[in-house]
Amino acid sequence: MSAPTIHKGLAGVVVDTTEVSMVNPDTNSLTYRGYPVQDLAAHCSFEEVAYLLWHGELPSAAELAAQNEAERAQRGLPDDLVTTLLGLPGTAHPMDTLRTAVSILGANDPAEDDNSPEANQVKALRLFAVLPSVVAITQRRRHGLPPLPPRDDLGYAENFLYMTLGVVPEPVIVRAFETSLVLYAEHSFNASTFTSRVVTSTLSDLYSAVTAAIGALKGPLHGGANEAVMATFEEIGAAEKAEAWLNKALADKRKIMGFGHRVYKTGDSRVPAMREALQEVAALRDGRELLDLYESLARAMYAAKGLHPNLDYPAGPAYHLMGFDTPVFTPIFVASRITGWTAHITEQLASNSLIRPSSTYSGKTQRAIVRP
Ligand SMILES: CC(=O)SCCNC(=O)CCNC(=O)[C@H](O)C(C)(C)COP(=O)(O)OP(=O)(O)OC[C@H]1O[C@@H](n2cnc3c(N)ncnc32)[C@H](O)[C@@H]1OP(=O)(O)O
Ligand SMILES: O=C([O-])CC(=O)C(=O)O
């Protein structure tokens, strides 16, 4: 009997179909429900993109108004949840706070175990609405500031920025932030989405699937890379030091965060739009030096390894210049990806099969228990 082929990391393994998005590495393109992501970023609000991911079509004006009304009404956090979250150690990573918040919201939801599409859509919208409040709390407590109540006169991106930073910034910043939310929203069977589908496949509940997905996204090989990119820039310090720093880091066999991708091998479809957003933010926020460092490291990495940046590479410095603390970068990714995760959870349930791959045993041969 020939040994089965092992697909480490499931690389290249096609496990299911999806109608939510298509990543095409041959053309470096990404579509959500058929629409190119850069067109959505240029012409749609994040709320419209959320509706598209959940319902398969862009909303009419009336459908969007109804969703917005429901979302704005649910932005606030219950007082006891705020108390619990502020009771976590100040050293807790904001991703841990976010994961805990989703878990508590699930435990308090009497419909937690109702896996009907209607009930799960209610939960998806509720999580979409409250996550910015949780992210905002984690940043504000780092600065000794109390939580700010949400404002229902502001759009999703504006309110998110307001609650975290205490002001509604310039329209260029709001637009760049919204672009990042659209670009981060969905990416087929990435590790965190796949995690959410694995949990869902056991017929567990949506909150459990999202909690697990947050755990998967936290890692620096996935969403955590947007925070790690900032740490890299801080370690390098200046553009003229980038090449020497990189050569040493590669000689030390370090992974350079924000570069490479499991699917895209000739460039991430989302980077051009996010790089443009970063340039606009940098122009407004005195970001010339950071931008120079960004470009120097990217050039050196391509020369040394032929590797291109992924979305986390421009998103990290853009969030920094907008005024976000580094530990909230990946939580922002969560607040965006909640749309994609929940669309996939619904899709998984509609055509479910328990996800349970096989393995080849490589341990000790069978043996008897021998007691002395
Ligand atoms: C939104 C997102 O989640 S995008 C991904 C964010 N993650 C990161 O930026 C982390 C840094 N990047 C990486 O670690 C990888 O590129 C991954 C995990 C994203 C993809 O990994 P894989 O598809 O498994 O690629 P793999 O690890 O096989 O890389 C192929 C080769 O390129 C090298 N390589 C890939 N990415 C990097 C990197 N960022 N730094 C240094 N070397 C790298 C690998 O060491 C390997 O070299 P080798 O053949 O000499 O061993
Ligand atoms: O697709 C992946 O493997 C990672 C990624 O870019 C994402 O989740 O946005």
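The values are calculated or read from the model by the stated rules, or taken from the named source; none is laboratory data. Please read these numbers as outputs of a predicted model, since none were measured by experiment. All Cβ positions, even for glycine, are placed from backbone atoms using ideal geometry, and neighbour counts span all protein chains on display. Side chains are part of the model used for accessible areas, which takes the heavy atoms of the whole protein and leaves out ligands, DNA and RNA. Shrake-Rupley method; radii C 1.70, N 1.55, O 1.52, S 1.80 Å.
Of all helices (runs of 4 or more DSSP H) completely enclosed by the stretch 182-281, which ones contain at least 1 residues that are under 18 Å from the mean Cα position of the chain (by Cα)?
Qualifying helices (runs of 4 or more DSSP H): 191-201, 206-218, 225-236.
Can you name the residue in the stretch 188-226 that is open to solvent by 10 Å² or more (accessible area, probe 1.4 Å), hydrophobic (A, V, I, L, M, F, W, C) and within 14 Å of ligand 1 (Cβ to nearest atom) and, of all such residues, is nearest to residue 32 (Cα to Cα)?
189
Mind checking whether some residue in the stretch 340-352 is of a type outside the set (A, V, I, L, M, F, W, C), open to solvent by less than 30 Å² (accessible area, probe 1.4 Å), within 14 Å of ligand 2 (Cβ to nearest atom) and under 22 Å from residue 222 (Cβ atoms)?
Yes; the residues of the stretch 340-352 include at least one that is of a type outside the set (A, V, I, L, M, F, W, C), open to solvent by less than 30 Å² (accessible area, probe 1.4 Å), within 14 Å of ligand 2 (Cβ to nearest atom) and under 22 Å from residue 222 (Cβ atoms).
Test residue 237 against the stated conditions and say whether it is crowded, with 20+ Cβ neighbours inside 10 Å and either in the same structural domain as residue 299 (by the TED database) or modelled with pLDDT of 95 or more (or both).
In short, no.
Can we say residue 269 is surrounded by fewer than 21 Cβ atoms within 10 Å (Cβ to Cβ) and polar (S, T, N, Q)? It would help to see each step written out before you state the result.
Details: surrounded by fewer than 21 Cβ atoms within 10 Å (Cβ to Cβ): no; polar (S, T, N, Q): yes.
Spelling it out, it is not the case that residue 269 is surrounded by fewer than 21 Cβ atoms within 10 Å (Cβ to Cβ) and polar (S, T, N, Q).
Kindly indicate the residue of the stretch 294-321 that is surrounded by fewer than 22 Cβ atoms within 10 Å (Cβ to Cβ), under 24 Å from the mean Cα position of the chain (by Cα) and not charged (D, E, K, R) and also farthest from residue 222 (Cα to Cα) among those meeting that condition. Before you say what the answer is, go through the steps one by one.
Narrowing the stretch 294-321 to residues surrounded by fewer than 22 Cβ atoms within 10 Å (Cβ to Cβ): 295-296, 298-300, 302-308, 321.
From what is left, the residues that are under 24 Å from the mean Cα position of the chain (by Cα) are 295, 298, 307-308, 321.
Subset that is not charged (D, E, K, R): 298, 307-308, 321.
Working: 298: 19, 307: 16, 308: 15, 321: 22 Å.
Within the stretch 294-321, the match that is farthest from residue 222 (Cα to Cα) is 321.
Checking residue 147 against (1) within 16 Å of ligand 1 (Cβ to nearest atom); (2) in a loop (DSSP other than H, G, I, E, B): exactly one of these is not met. Which one?
(1)
Looking at (1) free of Cβ contacts under 8 Å to residues at least 12 places away in the same chain; (2) more than 11 Å from ligand 1 (Cβ to nearest atom), which is the only condition residue 249 fails?
The number of the failed condition is (2).
Inspect the stretch 29-42 for any residue being basic (Lys, Arg), touching a Ser or Thr at 6+ places or on another chain (Cβ under 9 Å) and either at positive phi or within 16 Å of ligand 1 (Cβ to nearest atom) (or both) and give the result as yes or no. It would help to see each step written out before you state the result.
Residues of the stretch 29-42 basic (Lys, Arg): 33.
Filter once more, so that each one left must be touching a Ser or Thr at 6+ places or on another chain (Cβ under 9 Å): 33.
In the following step, the residues that additionally are either at positive phi or within 16 Å of ligand 1 (Cβ to nearest atom) (or both) were identified as 33.
Yes, the stretch 29-42 contains at least one residue that is basic (Lys, Arg), touching a Ser or Thr at 6+ places or on another chain (Cβ under 9 Å) and either at positive phi or within 16 Å of ligand 1 (Cβ to nearest atom) (or both).
Kindly check whether there is at least one residue in the stretch 173-184 that is crowded, with 20+ Cβ neighbours inside 10 Å and within 11 Å of ligand 2 (Cβ to nearest atom).
Yes: the stretch 173-184 contains one or more residues that are crowded, with 20+ Cβ neighbours inside 10 Å and within 11 Å of ligand 2 (Cβ to nearest atom).
Scan the stretch 150-166 and give yes if some residue there is within 16 Å of ligand 2 (Cβ to nearest atom) and open to solvent by less than 20 Å² (accessible area, probe 1.4 Å), otherwise no.
no
Residue by residue, here is whether (1) outside any helix (DSSP H, G or I); (2) out of contact with any Leu (no Cβ under 8 Å at 6 or more places or on another chain); (3) under 21 Å from residue 343 (Cβ atoms); (4) without any contact (Cβ under 8 Å) to a residue 12 or more places away in the chain holds:
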position: 3; (1), (2), (3), (4): yes, yes, no, no
position: 13; (1), (2), (3), (4): yes, yes, no, yes
position: 50; (1), (2), (3), (4): no, yes, yes, no
position: 62; (1), (2), (3), (4): no, yes, no, yes
position: 67; (1), (2), (3), (4): no, no, yes, no
position: 80; (1), (2), (3), (4): no, yes, no, yes
position: 92; (1), (2), (3), (4): yes, yes, no, yes
position: 95; (1), (2), (3), (4): no, no, no, no
position: 100; (1), (2), (3), (4): no, no, no, no
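Are any of the residues in the stretch 299-322 in a loop (DSSP other than H, G, I, E, B), touching a residue at least 12 places away in the same chain (Cβ under 8 Å), within 26 Å of residue 168 (Cβ to Cβ) and not assigned by the TED database to the domain that holds residue 114?
Yes, the stretch 299-322 contains a residue that is in a loop (DSSP other than H, G, I, E, B), touching a residue at least 12 places away in the same chain (Cβ under 8 Å), within 26 Å of residue 168 (Cβ to Cβ) and not assigned by the TED database to the domain that holds residue 114.
Here is a list of conditions, (1) open to solvent by 60 Å² or more (accessible area, probe 1.4 Å); (2) under 23 Å from residue 135 (Cβ atoms), and residue 62 meets all of them except one; can you say which number that is?
Checking residue 62 against (1) open to solvent by 60 Å² or more (accessible area, probe 1.4 Å); (2) under 23 Å from residue 135 (Cβ atoms), the one that fails is (2).
Test residue 360 against the stated conditions and say whether it is touching a Ser or Thr at 6+ places or on another chain (Cβ under 9 Å), at pLDDT 95 or above and either not assigned by the TED database to the domain that holds residue 134 or not aromatic (Phe, Trp, Tyr) (or both).
Working: touching a Ser or Thr at 6+ places or on another chain (Cβ under 9 Å): no; at pLDDT 95 or above: yes; either not assigned by the TED database to the domain that holds residue 134 or not aromatic (Phe, Trp, Tyr) (or both): yes.
Taking the combined requirement at face value, the residue does not satisfy it.
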